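K.L.:
Below is the structure I would like to discuss, written out as structure tokens.
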Amino acid sequence: MSKINELFDSELKVINLGLESFSAELKLQKKQVVHVEWRPVAGGNKKLGSILDQL
Amino acid sequence: MLKEKIEKANQEAIEKLFKAQPTLTGLGTAEKDIPNMDKKTILHAGPPVKWEKMSGPLKGAIMGGLIYEGLAKNEEEAIKLAESGEITFDSCHHHSAVGPMAGVITASMPVWIVENTAFGNKAYCTLNEGLGKVLRYGAYSEEVIERLNWIEKTLAPVLKETMALSGPIDLQTMIAQVIQMGDEGHNRNKAGTSLLIRELAPYMVQTSFDNREKSDVLTFMHGNDHFFLNLTMPAFKSSLDPLEGIPYSTLVYTMARNGTEFGIRIAGLGNRWFNAPAEVIDGLFFPGYTMEDANPDIGDSVICETAGVGGFAMAAAIPIVQFVGGTPQDAINFTKSMYEITQGENASFKVPVLDFKGTPTGIDIRKVVETGILPVINTGIAHKDAGVGQVGAGLVRPPMKCFEDALEAFAESVGIS
């Protein structure tokens, strides 16, 4: 059995980064999941991001 | 090099805040004690705003203030006078003062006098009128004016003589105590009001007033859980004002709302306001009212969050969720999330449930813009129309635009574009 199949045979403990719906789906399947509230610096605003880099 | 200058300036700012010693020294009168105040000047909460742009509750409170001063006999006369240009409207913050909700201060109003004895500056605030139909929520009916007259003629004189006997009261220590007694110092002031009564009562009984007057005063304070709010606010105002003008500091030393706009001021940028339209509050409404009735965010009481309490100390005041909405875990999470956007842990205000960690204190505009996490504010909700009053309480955040504009202006001030 390949390593990846071993992984899916064991109990999953998931850290989800990105779309929150991925973690919601896992929760529905009663899997342990922690969603990381991540967002880009300054909401992705390049001008403010550049200012922050210098401050 | 620039980053080091900012870090050093922010450290200096937070140390100034932690060294503050707000002390209640007595009571005075707005016209006599507040700088640059006169009969034809009306102070209000938040950043400066013209009569035409004022929200319903602020207009209502101003109309009530003009009637209380005897400058107008009724609503119509008050509106005419307000529109005439004869009255100067200005921000409480420009006069070392703060006011909850509409924050209206007129010449004859009695004011608490709080001195930050570490730096020698003073701050002023009116006496709290209670909840419901009150001037600060924009109500101006006969009962509102009658209560203001009683505050001026009975409550304030009794308290003034009491304070003359008791001597100054250390508010910093008292606020540190109330944070460990279930208050968060903004929207829950049960412990603070109780401690104040305990402090004053032994001296009040020794004053020259008759028992009926003393009893009325104690009954009024006892029946008004928010009585202490009008002391936490000038305490924090006096503690934060010394931060104004610390070069290179990116910490916020003022947040305030006038019901139309939310404004902030930054330690390194002096007296300049950064304003954006005020948000609508998400909260619990009194029976018969809904969000449709709510005015956008209003009041200077957000000075509490600026100083590291209020919404920032929710974990210390878990029962408050019954007043503003949410769960006990939400209260803890709100406090925890505020560490992401602040300079440090408060040296005096400790949260028992977080292993007595100091409350998150000193909002840094860089961290707010970087993380997208906005300060959380506990607040009351005023009806959008003049003359109605309070309709609920809840949680609100400032507009991000205030912080983004402040960051851009700060960058420009240090030669970055």
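Read-outs: derived from the displayed coordinates by stated rules, not from any lab. Treat the numbers as computed from the prediction; the structure is a model and nothing was measured. Here the Cβ positions follow ideal geometry from the backbone for every residue, glycine too, while neighbour counts run over all protein chains shown.
K.L.:
Name the residue from B:354, B:329, B:78 whose Cα lies farthest towards the positive end of the charge dipole of the protein assembly as shown, charges +1 on Cβ of Lys and Arg and -1 on Cβ of Asp and Glu.
P.N.:
Final value for the positive-end residue is B:354.
K.L.:
Same structure again: Assign unit charges at the C-beta atoms only (+1 for Lys and Arg, -1 for Asp and Glu), then state the dipole size of chain B relative to its Cα centre in Debye, rounded to the nearest 20. Numbers along the way, then the final one.
P.N.:
Working: 36 positive and 51 negative charges, 116 e Å.
I would put it at about 560 debye.
K.L.:
In Å, the Kirkwood hydrodynamic radius of the protein assembly as shown over pairs of distinct alpha carbons? Write down the numbers at each step before the final one.
P.N.:
Values: mean 1/r = 0.0433 Å⁻¹.
Final number for the Kirkwood radius of the protein assembly as shown is 23.1 Å.
K.L.:
Where does the charge balance sit around residue B:278 when Lys and Arg score +1, Asp and Glu -1, over other residues with C-beta under 10 Å from its C-beta? Please list the in-between numbers first.
P.N.:
Details: positive: B:257; negative: B:261, B:279, B:297.
Here the count lands on -2.
K.L.:
Note down the magnitude of the dipole of region B:303-417 about its Cα centre, charges +1 on Lys and Arg C-beta and -1 on Asp and Glu C-beta and zero elsewhere, to the nearest 20 debye.
P.N.:
Values: 8 positive and 12 negative charges, 64 e Å.
The dipole of region B:303-417 has a size of about 300 debye.
K.L.:
Of the listed peptides A:39-47, B:121-129, B:48-56, what is their order by residue-averaged count of other C-beta atoms within 10 Å, with the highest listed first? Write out the running numbers ahead of the final one.
P.N.:
Numbers: A:39-47: 13.6, B:121-129: 24.9, B:48-56: 16.4.
Descending mean neighbour count gives B:121-129, B:48-56, A:39-47.
K.L.:
What fraction of the DSSP beta bridges in the protein assembly as shown is antiparallel, stated in percent and rounded to the nearest 5?
P.N.:
Expressed as a percentage, antiparallel bridges in the protein assembly as shown total about 80.
K.L.:
Is there a quick way to get the dipole size of chain A? I mean about its Cα centre, with the Cβ of Lys and Arg at +1 and of Asp and Glu at -1; what is the value in debye to the nearest 20? Kindly include the intermediate steps, with their values, before the conclusion.
P.N.:
Numbers: 8 positive and 7 negative charges, 36 e Å.
About 180 debye.
K.L.:
Looking only at region B:301-326, which residues have a backbone nitrogen under 18 Å from a spot 7 Å from the Cα of residue B:340 in the C-beta direction?
P.N.:
B:311-315
K.L.:
From the Cα trace of chain A, what convex hull volume per residue do you get, rounded to a whole Å³?
P.N.:
Values: hull volume 6.5 nm³, N = 55.
It comes to 117 Å³ per residue, whole-number rounded.
K.L.:
Let me ask you something else. Find how much the distance from residue B:329 to residue B:152 grows on full extension, using 0.36 nm per residue of separation minus their present alpha carbon separation; answer in nm with one decimal. Mind dumping the intermediate values first?
P.N.:
Working: separation 177, 0.36 × 177 = 63.72 nm, distance 4.24 nm.
Once the chain is fully extended between residue B:329 and residue B:152, it gains 59.5 nm.
K.L.:
Could you sort the peptides B:382-394, B:149-161, A:15-27 by per-residue average Cβ neighbour count (10 Å cutoff), highest mean leading?
P.N.:
Values: B:382-394: 22.4, B:149-161: 17.8, A:15-27: 12.9.
Peptide ranking by packing, descending: B:382-394, B:149-161, A:15-27.
K.L.:
Dipole of the protein assembly as shown (Lys/Arg Cβ +1, Asp/Glu Cβ -1, origin at the Cα centre): which of B:253, B:381, B:97 lies farthest to the positive side?
P.N.:
B:253
K.L.:
Tell me which residues come under 5 Å, amide H to amide H, from residue B:389 once H is placed; ignore anything under 5 positions away on its chain.
P.N.:
B:139, B:383
K.L.:
I'd like the mean, over residues of B:361-373, of how many other protein chain beta carbons sit within 10 Å of each residue's own Cβ. Kindly include the intermediate steps, with their values, before the conclusion.
P.N.:
Values: counts 0, 0, 0, 1, 1, 5, 1, 1, 9, 9, 5, 8, 2.
For this peptide, the per-residue mean of nearby foreign Cβ atoms is 3.
K.L.:
Then there's this: Is the C-alpha gyration tensor of region B:243-413 telling us rounded, prolate or oblate? Criteria: a/c under 1.5 is rounded; beyond that, a/b larger than b/c is prolate, otherwise oblate. Show your work: numbers first, answer last.
P.N.:
Numbers: a/c = 2.23, a/b = 1.20, b/c = 1.85.
Oblate.
K.L.:
Just to check I understand the Karplus step: with θ = phi - 60° and J = 6.51 cos²θ - 1.76 cosθ + 1.60, what whole-Hz values come out for region B:47-52, glycine and proline as x?
P.N.:
After applying 6.51 cos²θ - 1.76 cosθ + 1.60, I find x, x, 8, 7, 3, 4 Hz.
K.L.:
So which chymotrypsin sites (Phe, Trp or Tyr not before Pro) in region B:340-417 are both in a DSSP loop and have at most 13 other Cβ atoms within 10 Å of their Cβ?
P.N.:
Numbers: sites: B:349, B:356, B:403, B:410; in loops: B:356.
Of the chymotrypsin sites (Phe, Trp or Tyr not before Pro), the ones in loops of region B:340-417 whose Cβ has at most 13 other Cβ atoms within 10 Å are B:356.
K.L.:
Among the listed pairs A:47/B:53; B:160/B:237; B:133/B:350; B:32/B:133; A:47/B:384; B:39/B:401, give every one whose C-alpha distance is greater than 25 Å.
P.N.:
On the way: A:47/B:53 32 Å; B:160/B:237 21 Å; B:133/B:350 34 Å; B:32/B:133 28 Å; A:47/B:384 37 Å; B:39/B:401 36 Å.
Table pairs above 25 Å Cα-Cα are A:47/B:53; B:133/B:350; B:32/B:133; A:47/B:384; B:39/B:401.
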